[in-house]
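Scroll down for the structure; my scribbles are underneath it.
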Amino acid sequence: MTARNTDALSLYYDAVKQNPLLTAQEERDLSRRWLDHQDRAAADRLVLSNMRAVIKIAGQYSNQHVSFSDLLQEGTLGLLRAIDRYDPDRGVRFLSYAAWWIRAYIRDHLLRTRSLVRLGTTQRQRT
C-alpha cells in the first residue's frame, strides 16, 4: 500500500468515526422515514452510522489479493441495497440484516475479479 493510499484510508476512517452509532429506536425511525417518504437525510444517516461495519467486514476479506478500497466500495453498495430492502417492523436490528448484503456484495466482487481469465458459464458466453 502506498503512502497516498494510506493517507486516503486514514482520512476515510476519521470521517466514519465522526458519525455516532444509532440506537434501535433511531434505526427504526430513520428506516421508516426512508421507506415511507424517501427521506434522503434519513438514508444518509443510516449509511454513515453503519460504515464501521463495512470496514470491519471488508477487513475479513482483505487477504484475498484485491484492493481494500474496492472491498469498501462493494460493501457500501451492499449497505445501500440493505436500506432499500430492510423492514423495520420485523424486530431485527438494521446491521444484523445489512451484514448479509454487505458480505454478499463483497463476495460477488471477489468472484468477478478473482481471475484474469473469465470463463463463460453458458454456451453463449463461451463464444
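Observations, loosely collected:
- Calculated [θ] (222 nm, deg cm²/dmol) that DSSP helices of n ≥ 4 give over the chain, each run adding -39,500 (n - 2.57): -22500 deg cm²/dmol
- Looking at the chain, the accessible area is 69 square angstrom per residue; that uses a 1.4 Å probe and ignores ligands, DNA and RNA.
- J(HN,Hα) series, region 38-43, from Karplus relation 6.51 cos²θ - 1.76 cosθ + 1.60, nearest Hz, glycine and proline x: 6, 6, 5, 5, 5, 5
- 0 to 90° range, to nearest 10: angle between helix 51-60 axis and the chain longest Cα axis: 30 degrees
- Solvent-accessible area assigned to carbon and sulfur over the chain amounts to 52 percent, based on a 1.4 Å probe.
- Over region 1-101, equivalent-ellipsoid semi-axes from the Cα gyration tensor in Å: 27, 14, 11
- Under 5 Å, built H, 5+ apart or other chain: amide partners of D39: W34
- Size of region 49-100 as Cα extents on the principal axes (Å, biggest first): 39, 17, 16
- For the pair R85 and R52, label points projected 7 Å from Cα toward Cβ lie 2.5 nm apart.
The values are calculated or read from the model by the stated rules, or taken from the named source; none is laboratory data. Everything quoted here is computed from the prediction, not taken from an experiment. Here the Cβ is made from the backbone with ideal geometry for all residues, glycine too, and neighbour counts use every protein chain on show. Calculation scope for accessible area: heavy atoms of the full protein, side chains included, ligands and nucleic acids excluded. Shrake-Rupley method; radii C 1.70, N 1.55, O 1.52, S 1.80 Å.
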